[in-house]
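Please treat every number below as a calculation from the coordinates, not as lab data. Everything numeric here is computed off the predicted structure, so don't read it as measured data. Cβ placement follows ideal geometry from the backbone for every residue including glycine, while neighbour counts extend to all protein chains displayed.
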């Protein structure tokens, strides 16, 4: 099983939202933007869309904020995953994530988090434009921080 | 046909009566199984609602905006929305017709809890609709009435997830070529439905929602969608993928952009530009999408559309048309070539005080802004659409006959008036049959025939295309005969193709899926060049997605029958309300009798339509549709 994290280069994104749709479908079986563990905020007038995906941080705020030890790293995939048996639905993890990448389902009173689809993220495979990629830990450019240098774009103000 | 309603539908249809300010709902299930979404559902409601004597601007005209079961799901290319009702653009009658748009609005409507809406009545003052999580309210639009489509959307987008459908000044002023649009280039362009919306004093519809769309068989649906998504080639179903223009990437931030949610291919047509310097509004930098026919705004060298605006000015003029809410196809393929010919023959030298100069962006701005605001005698006439304007002004009848096949719409994939799309005899015979029995330009959801054949031929795709023999071999699996694609076939088999693609059009507008990709017929990813994914055959992809999503087990025959029934009901409605007859259908003949634009290399000389042979095909098409020889469904 592969370990790593998702990497995002928003520039080639066409705004098709296939990533969000397959994530919701894979996780909930149905289609609701709320069931997705990622989101794309469209900018129909500027054309550069904003993607919110979990970075699988080395020191995740979500796990640190959880008083019940419900968020732990899956040793096989490297993803931080929620044990819903331990989760009380307090929502502290959601407010603790500085990237807004921990989502909330009102209907289930539960947090929603990217678990990298057990090492084969559906969003990355559904993306036809190379916007969302699965960055393997074995990759030399792997980093928990930021976007790999070759994917940085000065137009986005990222240095 | 068995229908088990499990998945795909939000479950309710919104009924808004703006006169009474009443909001009600109906269960979508009332219309299932047969009227399975979008255009199909609209046909049934139209049959029940539209009385003879109702016109496009009558408050009773139902403006129906509908999604389908696939809309908003992970089915690829499934973000479109269908608009139906009596059309303002229709000529000589305001026939019942349909249009559709992409963007992200339809999926949001479903997540807000509705499969569609029917809007009747007329508000006593400008209003907009706000729909969120199963609730709809009628709000005052006094402060946004008069604004362009872009600014209207920006004012009504109160945070992430809001999607807005709006009309511009053109719709407010009842221009018969007014669009309903969302984002910067997704519009229900043909039909004049922007004017219908304007006649109801309805400026916009803002939606947001996160309600789930159920899926009957999640694992099967996921696997079918993944396979279909991976199989798709470039847009237009063509064999190769397009590339960006490095110069425009560098200068104007060109990028690919999905013209509808769910699109999974790089497109020939849809581009977003992030930084285009304005020419008219100096000092400003513009951003926005430029799709499809809008690519002609700058002008195209060595073509019939060779005006010289240049990219920057052309982009800006296109954005003006979007913002004002005007129909691109009408302007670029019909109106401007018509004005040009009026200038050339001396019938019209200026438009309300400004000389006709199609190379000057100031002229275009004057033309478009004046049409949408109905300023000046000529532009006020043009706001009625070119065909009505020509009659009103008493000029340009001959040019009109060359550019507009029928029903008030400019040519499209017909080998005659539309000179941007390459199609020769005998393929435009099928286009002629499609035009004959329709009430609008029929190609909106029927690119799958002529465009597919020409695109896969080695004439248009010298490297990746297929031989004529291979195209015929593959297509015989679809049509049951090689005649529809044989370049030497003459009139044979064209009715078969028109019937088959007519059903597919209904299917696409009802499910909903993108017209530029479906139906999947040809492929360069299989040995025999017949599109396939897993154990599914290309032409059945839509049905497989529909079945897995809804829990049905329809066959291709079921899907075809359901779609054909929609066409017959639409026809019955036309006969009941407008006395539509075979004589109307045959009124397209003189247009197609003129000599074609391109020449079939197997024939070597340009062709025109043979009326007798065409009438025989029309009779055959009626028979295939289950209609009598006068075009009346049994």
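As a length-normalised measure over Cα pairs under 8 Å and 6 or more apart, the relative contact order of region B:357-477 settles at 12 percent.
From most to least packed by mean Cβ count within 10 Å, the peptides B:80-86, B:310-316 give B:80-86, B:310-316. In this structure, residue B:402 and residue B:470 have a Cβ-Cβ separation that, at R0 = 41 Å, corresponds to a calculated FRET efficiency of about 0.70.
Peptide A:31-42 has a mean of 5 when you count, residue by residue, the C-beta atoms of other protein chains within 10 Å of its C-beta. Taken residue by residue and averaged, Cβ atoms of other chains lying within 10 Å of the Cβ of B:484-496 number 0. With helices as the sole contributors, the protein assembly as shown gives -9000 deg cm²/dmol at 222 nm; each DSSP H run of n ≥ 4 counts as -39500 (n - 2.57), and the sum is divided by every residue. Does anyone have the angle between helix A:18-28 and the longest principal axis of chain A? Alpha-carbon axes, 0 to 90°, nearest 10? Between helix and principal axis, roughly 10 degrees.
Let me know the mean shielding of B:419-429 by other chains, meaning the per-residue number of their Cβ atoms within 10 Å of its Cβ.
That works out to 0 on average.
Compared with the direct C-alpha span, the chain from residue B:230 to residue B:158 gains 22.4 nm at full extension, assuming 0.36 nm per residue. Overall, the anisotropy analysis places region B:121-190 in the oblate class: the square-rooted eigenvalues a ≥ b ≥ c of its C-alpha gyration tensor yield a/c not less than 1.5, with a/b not exceeding b/c. Here region B:527-555 is scanned for amide nitrogen atoms under 13 Å from the site 7 Å beyond the Cα of residue B:223 along Cα-to-Cβ, giving B:534-536, B:548. Note on residue A:139 and residue B:306: their simple-model spin labels are 4.9 nm apart, each label 7 Å out from Cα toward Cβ. For region B:86-222, taking the reciprocal of the average inverse distance between every pair of different Cα atoms yields a Kirkwood hydrodynamic radius of 15.4 Å. Coordinate range of the alpha-carbon atoms in region B:425-571 per principal axis, descending: 41, 38, 23 Å. Between residue B:251 and residue B:285, the contour length at 0.36 nm per residue exceeds the alpha carbon distance by 11.1 nm. Across region A:1-96, Cα pairs under 8 Å and at least six residues apart give a relative contact order of 25 percent. Averaging 1/r over each pair of different alpha-carbon atoms in region B:404-452 and inverting the result gives 10.5 Å, the Kirkwood hydrodynamic radius. Using a simple spin-label model with pseudo-atoms 7 Å out from Cα toward Cβ, residue A:104 and residue B:461 lie 4.9 nm apart. The slack in the chain from residue B:583 to residue B:151, taken as 0.36 nm per residue of separation less the alpha-carbon distance, amounts to 151.0 nm. Extending 7 Å from Cα along the Cβ direction at residue B:535 and again at residue B:599 yields two label points whose distance is 5.2 nm. Taking all Cα pairs closer than 8 Å and separated by 6 or more residues, the relative contact order of region A:25-148 comes to 21 percent. Relative protection proxy for B:221-230, A:18-27, from highest mean packing down: A:18-27, B:221-230 (other beta-carbon atoms within 10 angstrom).
If you find the alpha carbon centre of region B:247-279 and of region A:1-40, how far apart are they in angstrom? So the two Cα centres are separated by 22 Å.
Okay, which of region A:35-52 sit inside 16 Å, backbone N to the point 7 Å along the Cα-Cβ direction of residue B:275? Flagged as within label range: A:46-49.
Taking a ≥ b ≥ c as the square roots of the eigenvalues of the Cα gyration tensor, chain B is rounded, since a/c falls below 1.5.
Mind running the shape call on region B:220-320? Use the C-alpha gyration tensor, a ≥ b ≥ c as the square roots of the eigenvalues: rounded below 1.5 for a/c, prolate if a/b tops b/c, oblate otherwise. Prolate, since a/c reaches 1.5 and a/b exceeds b/c. In terms of the mean number of neighbouring beta-carbon atoms within 10 Å, the peptides B:180-189, B:357-366 order highest first as B:180-189, B:357-366.
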